[in-house]
Amino acid sequence: MENELNNIVIDYLSDPDNTAKAAAVQQWLNADASHPALFQEIKQVWEAGRNLPEETFDRDAGWQQLSAQITPGKSTPVRAMRTRWWWAAAIALPVLAFAGYRYLHSTPPEWHDYIAKGNTTDSLRLPDGSDVFMKPGTMLSYRNRQLRMTQGEAFFKIAKDEQTRFSIAIPNGNIQVLGTSFNVKTTSSYSDVAVWDGKVSVQSNKGTSVTLTAGNLAIVNAATGAIEKPEGDYAWRCGWSNRDLAFSNQELTLIMQTVASFYHVTLHVPNEDRLKFKATVRFNNVPLSEALQVLSEILDLKVEKENDSTYYFQYRRI
């Protein structure tokens, strides 16, 4: 870690206009969920040092002058001595500050592992006040505003913090936000991110990135790091956790599948050609009976109940 700070971060801060150094530091930022916050803190220390008075301090010349001042038989001009040492201290301050910073961060906070429990949805409040709602079996690790997600699906409501970004490491990628709500699904082959509100930055470890707003979706290939941003409104992907299924110009096949999964029922339609049509509809915290009635009107079919978990849509009798 110390070599990385010296060779990559400090090297970049010394020459921020160098494209090669900028690319190297971007790759380092994407390599670990903790790196973005670490970079911001180092940058603050670095910029604090730049605000010190500008004066060149020649160490060899300064030592010669100091030796001359303490030669036996000569008086010591105390005022000049204090001035020179003040400039030396000013130059040493950034070095001392950075050394202190590295000492304080030599033992970072521990990561906490969590596996979602229950039959439907589990929830967790993070140390920064952010809330996570997870499907059973979701696996993640967290510390402060950093999180790693390796498996499962979770909806995040991130507490706003203008000073520190919230970051989530996913296979071959990274997600960064300040304060927003979004859904993340991670599998062995891909991860996808759907945004409910606010803005989310999705970055690949290959250096590419996309910015998402409400309704946008990004898919990160776990093997290659390639990012895909399909067109359409994917706000419905967040509905399983906030009980707000919002569909905008979506095929009825998708709407029916999502509603069935959300309410844990099986829905049967006599003619699947009807499911090829598109619709815009919203089920905001409504009971199953109301959702079925809305679907019945859209399909122009009547709904009949076989049991608590199975429903059939039938042609209306004239």
Inset, instruction - Identify all residues within the range 173-200 that are crowded, with 18+ Cβ neighbours inside 10 Å and of a type in the set (S, T, Y); write none if there are none. - result: T180, S181, T186, Y190, S191
Inset, instruction - From (1) surrounded by 15 or more Cβ atoms within 10 Å (Cβ to Cβ); (2) not in a loop (DSSP other than H, G, I, E, B), pick out the condition that doesn't hold for T164. - result: (2)
Legend entry - Residue check for G207: within 24 Å of R145 (Cβ to Cβ), surrounded by fewer than 17 Cβ atoms within 10 Å (Cβ to Cβ), touching a residue at least 40 places away in the same chain (Cβ under 8 Å) and under 16 Å from the mean Cα position of the chain (by Cα): yes
Inset, instruction - State yes or no: is V177 more than 21 Å from T120 (Cα to Cα), at pLDDT 95 or above and of a type in the set (V, I, T)? - result: no
Inset, instruction - Could you tell me whether K278 is closer than 16 Å to Q250 by Cβ, of a type outside the set (A, V, I, L, M, F, W, C) and surrounded by 12 or more Cβ atoms within 10 Å (Cβ to Cβ)? - result: yes
Inset, instruction - Output the residues belonging to the range 253-309 that are touching a residue at least 12 places away in the same chain (Cβ under 8 Å) and basic (K, R). - result: R274, K276, K278, R282, K302
Legend entry - Test for A222: is it touching a Pro at 6+ places or on another chain (Cβ under 7 Å) and assigned by TED's automatic domain parsing to the domain that holds N205: yes
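Residues to consider are F166, F133; find the one that is of a type in the set (A, V, I, L, M, F, W, C) and under 24 Å from F262 (Cβ atoms). Break it down into steps so the answer makes sense when it comes.
Working: F166 fails: under 24 Å from F262 (Cβ atoms).
Answer to the check: F133.
The values are calculated or read from the model by the stated rules, or taken from the named source; none is laboratory data. Computed from a predicted structure; not experimentally measured. We place every Cβ from the backbone using ideal geometry, glycine too, and count neighbours over all the protein chains shown.
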